[in-house]
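Below you'll find the structure I mean.
Bear in mind that the values in this text are calculations on the coordinates, not laboratory data. In this text, all values refer to a predicted model and were calculated from it rather than measured experimentally. Every residue, glycine among them, receives a Cβ derived from its backbone with ideal geometry; neighbour counts consider all protein chains shown.
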Amino acid sequence: MIRQELDLQLKTKLSLNLLLKNNVEILSYSTFEFEELLQEESIANPFVESFDVKVPKSVNFGEGVPDISAVPYTPDPLDRLKENIKAEFEGKDLEIALDLIYNTDDKGFITIDLKDISNQHQVSEEYVEGIRKRIMRLDPVGVCSKNVYEFFEVQIEELYPDKKEEYMKLLDKIASGSVDEKDRKLLKGFRMFPLEGGTNSYKGGRVDAVIEVDDGNLVYFIYEDFFSIKIREDYLELYEKSTGEVKKFLKDMIERINVYNKILNLRREVLKNILEEIVKVQKDFLLGEGPLKGLLMKDIAKKLEISESTLSRICNSKYVKTPVGTYPLRFFFVRNATEGVSQEELMRRIREIIENEDKRNPLSDEEIANILKREGMNTARRTVAKYRDLLGIPSSRERRIK
């Protein structure tokens with residue numbers, strides 16, 4: 001029976017390429033996505049006897065995610081680009097890169113004069129331009145393009161290098177307005193703007209971690225602590241006795257489940273360390289007795305001896321239910337205030353404004369910035385966009401109820 005099962009599996013052998021090339025990206029999956037991945041693996045991998053999730057009834061992961069900041073189920077292209085940028089850049093370059101994408105329109109085209117960003121960061125305009133061009137080569141291709149022509153140009157270079165000459169001629173035709181039917185067919189292979197089809201698909205659900213008060217003390221739980229992967233012992237014995245293609249197949253499957261286990265253990269360890277630090281530093285806030293205190297991601301990364309980009313990936317799309325509300329994990333990483341207003345105050349007020357807006361006509365980031373200015377908080381549109389993103393709140397276009 002085991003032999004028949006193996007013969008069937010060998011005929012539809014799974015490739016390890018996706019796992020081995022993208023296992024770092026699995027760190028950024030929400031718990032819900034990672035659970036689905038492990039469920040699929042338990043079906044596909046003959047070494048896995050079962051994958052179970054057994055959560056004690058006393059711990060509730062299934063409530064508390066606000067509708068306006070529901071856990072992203074399928075990250076949109078801009079979310080993917082932000083993660084790629086955080087892995088590609090660091091320090092001042094990362095700040096400039098994020099400022100550039102926060103100053104793009106809904107289609108992904110740059111809307112700010114690069115001179116403004118160069119002045120803000122005290123670097124040359126050429127320096128900012130170099131970062132912009134690097135961003136345009138990241139996935140999704142072309143974000144921060146200045147216009148459609150430049151976007152087409154980068155698509156040709158990145159996606160159609162073997163047809164560059166043919167497509168560059170097409171660009172000249174577009175510029176001169178002399179496009180024929182044949183050219184229109186060629187155009188079907190292009191996206192018309194960088195964030196085409198890039199609306200977020202949001203799905204509310206369980207949180208990734210819970211912080212509770214137990215006898216006056218803060219305690220925490222992570223959902224993935226309750227994952228259980230059971231391995232089939234008979235297949236391990238068969239592996240030792242097998243040879244040839246069967247041996248090779250079984251080795252691949254063993255390596256595959258070992259990689260998943262390593263990723264699971266890494267996610268567990270880092271999430272626990274993050275929560276431990278949050279509970280220690282933000283104790284007053286979590287007990288409802290004070291504001292958030294300064295806590296930087298780079299400091300925790302250094303303490304855990306991992307890169308900031310790895311920490312950033314693990315924090316991505318994670319939500320925590322606390323005694324004072326449900327928040328994205330990133331919410332607890334704050335700098336101390338500028339111009340007398342703390343990041344926490346700004347984020348709280350932005351959330352309040354959005355919660356009370358007309359859902360049929362939601363406020364744009366610019367309109368929210370104007371409200372804050374009238375209240376004495378001199379906040380730029382890109383700052384509102386940045387904090388709204390940290391809160392996990394989608395754009396006005398995605399919040400609109402028709």
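Want the number for R400 to K57: 0.36 nm per residue separation, take away the alpha-carbon distance, what's left?
Numbers: separation 343, 0.36 × 343 = 123.48 nm, distance 3.63 nm.
That works out to 119.9 nm of additional length.
For segment 360-402, rounded, prolate or oblate, judged on the Cα gyration tensor with a ≥ b ≥ c (square roots of eigenvalues), a/c < 1.5 rounded, else prolate if a/b > b/c?
Note, shape of segment 360-402 comes out oblate.
Ranked highest first by the average count of other Cβ atoms within 10 Å around their residues, in what order do 91-104, 244-257 fall?
So the order, starting with the most tightly packed, is 91-104, 244-257.
Here's another thing I want to ask about it. Contour minus end-to-end for S50 and S228, with contour as 0.36 nm per residue of separation and end-to-end as the Cα-Cα distance? Each step should come with its number before you reach the end.
Details: separation 178, 0.36 × 178 = 64.08 nm, distance 0.80 nm.
Separation in residues times 0.36 nm, less the Cα-Cα distance, equals 63.3 nm.
Run the numbers for E157 and L295: contour at 0.36 nm per residue of separation, minus the present Cα-Cα distance, in nm.
Working it through step by step, the gained length comes to 45.5 nm.
In the structure shown, do any of K280/K321; K272/K386; K82/K386; K86/K298 have a Cα-Cα gap over 18 Å, and if so which?
K272/K386
Enumerate the calculated ³J(HN,Hα) couplings along segment 88-94 in order (Karplus 6.51 cos²θ - 1.76 cosθ + 1.60, θ = phi - 60°), each rounded to whole Hz, writing x wherever the residue is Gly or Pro.
Once θ is set to phi - 60°, the couplings for segment 88-94 become 8, 10, 8, x, 4, 4, 5 Hz.
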